[in-house]
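Below is one structure, written out as structure tokens, with a few remarks after it.
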Amino acid sequence: MTLKQFFYDWNGLNFALFEAINQATPEWLTPLARIGSTLGSYWTGPFLLIVLLLWSRLLNSSTKPQFTASAVRTQAQRFALGFALSALGVVLLKLAMDFPRPFAALIDMVRIIGEPELQYSFPSGHAAYAMLVAVTLWPLVTRPLRVLLVAWLVWVGWSRIAVGAHFPADVFGGYLLGGLSSGIARFATTRRFAWWNAAMGIALLDQISKQLVHTQLEYAQVIPITPFFNLVHVWNTGAAFSFLADAGGWQRWLFISLAIGVSTWLAWALLKPRVQLEATAFFLILGGALGNLADRVFRGYVVDSLDFHWRGWHWPAFNVADVAITCGVVLLILASIQAKQSQRLIAKIH
């Protein structure tokens, strides 16, 4: 028995449960499945965040401790970070696993409600988001409402199976990812880990931009934007300026090892007190390193999309992560110059 058969197929139980739920959904429950599938979408995340922030402004110090404005703001911060982490995790796992959707795997045995999808079944992003919402609201509501949160989780998971979009294992995996993202967000939402949050935001922005390019543009496609800038879709298996791009494959593991080492050191360094300029430089470099590291691990190459040119001369294409790393290096140099000037000033005073 392979790992996939054990952890995903559940020795056939995954497919059997899917067929039992999908085929047994009566026609009159179709609207309920559609609504659950829609409300469980990440697109409702910004709306929930706005609601939480408005709620925190309406509360005052006379309310119960678990409903203070501070508590709601804290949950809003955790939701925002968890949202970013879970969205990034969903994208990376879908790309890495690339499991077929029920319609592609079972064909005639699937009852599809809506447009059929073929790829990227694991994990269910809707289930991950539903778990994130439930964990966020759990400490802010009373026990009767917590029952509704559990019902919400079941509803969203059931709806994704009922509409034929996911297998039960996808939903279960989404629940685990949403819970893990919420736990990391809870751990990270302290002042001590604020720079980590910023780095993760950079990595998420980079991965979203790369995913859009990867899915919307053909390889080597060029879209002129201005007389000096094109949006392109190219791959780089090497480092900056395509260094070692044709080395034969071993360079991938070299760059992965280097990125892990640098990222680990930067993450550790950001736990210590730093001057503002230096900390900003570190989180930019860390975020960029994580963005490109994700590409090398899950794709085997880095997606580049930004092409600046002038009179036929093109600067090597780069991406959002490269921009963050470059800005971070510049700020690090400025911080070093600033530190030397301060030392000279102190030396003159003494």
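The values are calculated or read from the model by the stated rules, or taken from the named source; none is laboratory data. Just so it is clear, the structure is predicted and the values come from calculations on it, not from any experiment. Here the Cβ is made from the backbone with ideal geometry for all residues, glycine too, and neighbour counts use every protein chain on show.
Here are the numbers for this structure:
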item	result
Pair list, Cβ under 6 Å, 6 or more apart: region 24-40 residue under 16 Å from Ile112 (Cβ atoms), other residue aromatic (Phe, Trp, Tyr) and surrounded by 14 or more Cβ atoms within 10 Å (Cβ to Cβ)	Gly36/Trp155
Residues of region 106-140 classified as without any contact (Cβ under 8 Å) to a residue 12 or more places away in the chain and closer than 19 Å to Ala76 by Cα, total	1
Scope region 94-112; condition in a loop (DSSP other than H, G, I, E, B) and among the acidic types (Asp, Glu); matching residues	Asp98
Answer residue from region 308-350, given it is farther than 29 Å from Ile260 by Cβ and outside any helix (DSSP H, G or I) and is modelled with the highest pLDDT among those	Phe308
Hits in region 113-136 (condition: in contact with a helix residue (DSSP H, G or I) (Cβ under 6 Å, 6 or more places away or on another chain) and part of a helix (DSSP H, G or I))	Gly125, His126, Ala127, Ala128, Tyr129, Ala130, Met131, Leu132, Ala134, Val135, Thr136
Within region 196-237, considering residues that are part of a loop (DSSP other than H, G, I, E, B) and touching a residue at least 12 places away in the same chain (Cβ under 8 Å), the one nearest to Thr264 (Cα to Cα)	Thr237
Residues that are exposed (fewer than 12 other Cβ atoms within 10 Å of the Cβ) and hydrophobic (A, V, I, L, M, F, W, C), drawn from region 21-49	Ala24, Trp28, Trp43, Phe47
Residue check for Ala185: closer than 20 Å to Gln75 by Cα, within 17 Å of the chain's Cα centre (by Cα) and of a type in the set (A, V, I, L, M)	yes
Matching residues, region 54-75, being surrounded by fewer than 16 Cβ atoms within 10 Å (Cβ to Cβ) and at pLDDT 85 or above	Leu54
Qualifying positions in region 4-14 - under 13 Å from Phe99 (Cβ atoms), assigned to a helix (DSSP H, G or I) and at pLDDT below 90	Lys4, Gln5, Phe7
Criterion (over 21 Å from Asn230 (Cβ atoms) and surrounded by 19 or more Cβ atoms within 10 Å (Cβ to Cβ)) met by exactly one of Ala321, Ala281	Ala281
